[in-house]
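Worksheet: one structure, shown below.
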Amino acid sequence: MAAPWSRGAQLRIIGEVHGQTTVNVLHMATNEIANDQGSLDELLLQAVTALKECVVELLLPAVSSDWKFVKCDGRLIYPVFGDPLEVTGQPENVGELSPTSHSISCSLLRLKSGTGGRSGKGRIFLPPPGEAEIANSTVDGPTLVLIAAFAACLAQKFMGPDKETFWTLGILSRKLANVAGQGFDAGFFIATSLSPVADLCYLGSRRKGRGV
């Protein structure tokens, strides 16, 4: 399915590393019709719950034991903004790889839509792997396989004609979405691929004392 979309949503994966908050934002759209608030909440909760399943089952094995999963939340952003819904993690929901020395290091997933230009591309800066899984600023092969498994879970839940939810993962260009007379449909690009990147990345906003 494609535009026109009936609803758009922003989902977040929220965690902690070395006392710093990490936030990963994903954008979704759906053609499913839900007119009353109860149906809207149920529709959004489906997406948030599915995202949490991918995090607990497949992201935790791919990240450092210093990272703790706190919660997933989501809110409708189109056609109007809605109140957030959340599903929380458990105290035992921590990464399974070795400890990491830096809160600012992270693994990277690239999103592509097959649309030319920067607007059709996105990035997800995941929590870091551990020190033992890094060599020469590169994430090792086994860890890349684990990250790819998390990406495959997202694809299973939110991508393609056989996806398990009513929601479609995409890349949202706020620049295009904010153009008068165009809106969300013009700024939302359906994600067609998710690819892990071998080179380790760094996110300055996660520096100790700042966080996200």
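The values are calculated or read from the model by the stated rules, or taken from the named source; none is laboratory data. All values reported here derive from a predicted model rather than from experimental measurement. Here Cβ is always computed from backbone atoms with ideal geometry, including for glycine, and neighbour counts include all displayed protein chains.
When you go through (1) surrounded by fewer than 17 Cβ atoms within 10 Å (Cβ to Cβ); (2) modelled with pLDDT of 95 or more; (3) closer than 29 Å to P4 by Cβ; (4) of a type outside the set (A, V, I, L, M) one by one for D140, which number turns out not to apply? Just one mismatch for D140, condition (3).
In summary, strands (runs of 3 or more DSSP E) completely within segment 108-212 and bearing 1 or more residues that are acidic (D, E) and touching a Ser or Thr at 6+ places or on another chain (Cβ under 8 Å) occur at 193-202. Residues in segment 1-13 that are surrounded by fewer than 18 Cβ atoms within 10 Å (Cβ to Cβ) and among the hydrophobic types (A, V, I, L, M, F, W, C): M1, A2, A3.
For residues that are among the charged types (D, E, K, R) and under 23 Å from A177 (Cα atoms), scanning just segment 70-85, find the one that is surrounded by the most Cβ atoms within 10 Å (Cβ to Cβ). Residue satisfying both the conditions and the ranking: D73. Filtered by the rule that a residue be surrounded by fewer than 20 Cβ atoms within 10 Å (Cβ to Cβ) and more than 10 Å from the chain's Cα centre (by Cα), segment 15-24 gives E16, H18, G19, Q20, T21.
For segment 86-120, a tally of residues being surrounded by 14 or more Cβ atoms within 10 Å (Cβ to Cβ), within 16 Å of the chain's Cα centre (by Cα) and more than 23 Å from L194 (Cβ to Cβ) returns 1. Quick check, is T49 at pLDDT 95 or above and not aromatic (F, W, Y)? So T49 fits the description; yes.
The listed residues are A47, A34, and the only one of them that is touching a strand residue (DSSP E or B) at 6+ places or on another chain (Cβ under 6 Å) and within 21 Å of M159 (Cα to Cα) turns out to be A47.
Take the conditions under 19 Å from Q156 (Cβ atoms), out of contact with any Lys or Arg (no Cβ under 9 Å at 6 or more places or on another chain), aliphatic (A, V, I, L, M) and without any contact (Cβ under 8 Å) to a residue 40 or more places away in the chain and apply them to V80. Does it pass? Taking the combined requirement at face value, the residue does not satisfy it.
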